[in-house]
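A.B. asks: Could you have a look at this structure, given as structure tokens, before my questions?
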Amino acid sequence: MSMRRRVKIGARKPIEEAEIIVIPMIDTMMFLLFFFMVSSLAMVVQAGLPVNLPKASTASDHSSQNITITIQPAPGGAARYYLNTTPTTVPGLVTSLQNLHVTAQDLVIINADKDVLHGDVVSAMNAAREAGVTQFAIATTKG
């Protein structure tokens, strides 16, 4: 005696359309945006060029400033001057600083290499004074 079962085949259920849920994707993109914004701000060190700074035991970490005069030694004894990262000369410092509209409240950081002559630093400070700068800081490293 064999019993056969009859299987009822019903109508197929309609397949639901796939939906893309956008909110988690927006959250992820906002997180990435904030992460890259914060990490790029942390990479900004200083507006000047890298030089071999002298060491001082009382040196303090300073935040990046808007105005940095960098003085690098050059072969042949003459120094190279930069305002932020733009190459310039001592007479050009006066006009460049005046174009930046410096005031007596602005702080100018002198970022001079330790092998630069003292007279070159004084020339840069004198040019900055002619442009109206009264506050200076000399960049050093701790050590």
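The values are calculated or read from the model by the stated rules, or taken from the named source; none is laboratory data. A quick note: this is a predicted structure, and the numbers were derived from the prediction, not measured. Counting neighbours? That spans all protein chains shown, and the Cβs are built from the backbone with ideal geometry, glycine included.
A.B. asks: Scan segment 69-88 residue by residue and report those that are touching a strand residue (DSSP E or B) at 6+ places or on another chain (Cβ under 9 Å), more than 13 Å from D113 (Cβ to Cβ) and not β-branched (V, I, T).
C.D. replies: The answer is L83, N84, P87.
A.B. asks: On to the next question. Select from segment 53-90 the residues that are at pLDDT 75 or above and among the β-branched types (V, I, T) and list them in ascending order.
C.D. replies: I67, T68, I69, T70, I71, T85, T86, T88, T89, V90
A.B. asks: Can you confirm whether segment 105-126 contains a residue that is at pLDDT 85 or above, over 22 Å from N52 (Cα atoms) and either within 26 Å of the chain's Cα centre (by Cα) or in a strand (DSSP E or B) (or both)?
C.D. replies: no
A.B. asks: Please tell me if S96 is within 24 Å of the chain's Cα centre (by Cα), modelled with pLDDT of 85 or more and part of a helix (DSSP H, G or I).
C.D. replies: In short, yes.
A.B. asks: Those residues that are in a loop (DSSP other than H, G, I, E, B), of a type in the set (S, T, N, Q) and closer than 18 Å to P73 by Cβ, I need them from segment 127-143; list them, please.
C.D. replies: The answer is T140, and nothing else.
A.B. asks: A further question follows. Among the residues of segment 109-126, count how many are closer than 10 Å to A139 by Cα and out of contact with any Ser or Thr (no Cβ under 6 Å at 6 or more places or on another chain).
C.D. replies: 3
A.B. asks: Within segment 127-136, track down each residue that is over 24 Å from the mean Cα position of the chain (by Cα) and of a type in the set (A, V, I, L, M).
C.D. replies: Matches in segment 127-136: A127, A131.
A.B. asks: Ok, one more. Please list, ordered by first then second residue, the pairs with beta carbon atoms under 6 Å, 6 or more apart or interchain, first in segment 88-109 and free of Cβ contacts under 8 Å to residues at least 40 places away in the same chain, second of a type in the set (F, W, Y).
C.D. replies: T88/Y81
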